[in-house]
Each structure stands twice: as structure tokens, then as C-alpha cells.
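Take a look at the structure below.
The values are calculated or read from the model by the stated rules, or taken from the named source; none is laboratory data. This one's a predicted model, so the numbers in the text were calculated from it and none came from an experiment. Counting neighbours? That spans all protein chains shown, and the Cβs are built from the backbone with ideal geometry, glycine included. To get the accessible areas, we keep the full protein, side chains included, count just its heavy atoms, and leave off ligands, DNA and RNA. Shrake-Rupley method; radii C 1.70, N 1.55, O 1.52, S 1.80 Å.
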Amino acid sequence: MATAADLEAVRQRLVARGASDGHVNDYGALVAVGFTDPDGMSTEVCWLRDPALRDLHPPTTLAGPVPGEP
């Protein structure tokens, strides 16, 4: 999420669709809202409070199979 307002908008949409109870987890450097996807998997959407942390560990693409997978 780019802003706290973005996270709040997503939180409201998740609650309206019954995918989340709307609880916000405050982890200090980031804030997250948990939800359950249509397949029943639990996950979170997050907002980083400190913009300096955004490039600390950028997303990467796996070059091959997930370790431990056949």
C-alpha cells in the first residue's frame, strides 16, 4: 500500500465483503490487515510506515522451483 489511506480503503472493502473482521495489526514499522481469500487462505495486506524501508528488500522473482518442492 502506498499510504495509510490506501490500507484503510482496502480494509473497508475486505470487511464489507466478509473477508476480514477489520482488525489492524501494528507491527511498528508496518501496519497490516488480515483477510481470508476465496480459497480459504489467510494473508495480510500491509503499509510500511517508513518510506526508507521500501527498498530494503525489494520483491524478487524466483529463478526456479520453490525450495523443497518436487
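If we scan the stretch 35-56, do we find a residue that is open to solvent by less than 50 Å² (accessible area, probe 1.4 Å), in a loop (DSSP other than H, G, I, E, B) and modelled with pLDDT under 90? No, the stretch 35-56 contains no residue that is open to solvent by less than 50 Å² (accessible area, probe 1.4 Å), in a loop (DSSP other than H, G, I, E, B) and modelled with pLDDT under 90.
Kindly provide the set of residues from the stretch 1-23 that are among the aliphatic types (A, V, I, L, M), surrounded by 14 or more Cβ atoms within 10 Å (Cβ to Cβ) and outside any helix (DSSP H, G or I), ordered by number.
Kept after step one, since they are among the aliphatic types (A, V, I, L, M), are these residues of the stretch 1-23: 1-2, 4-5, 7, 9-10, 14-16, 19.
With surrounded by 14 or more Cβ atoms within 10 Å (Cβ to Cβ) added as a condition, the list becomes 1, 7, 10, 14-15, 19.
Within the stretch 1-23, Met1, Ala19 qualify.
Annotation: of all residues in the stretch 1-34 being of a type in the set (Gly, Ala, Ser) and under 27 Å from Asp55 (Cβ atoms), the one that is modelled with the lowest pLDDT is Ala2.
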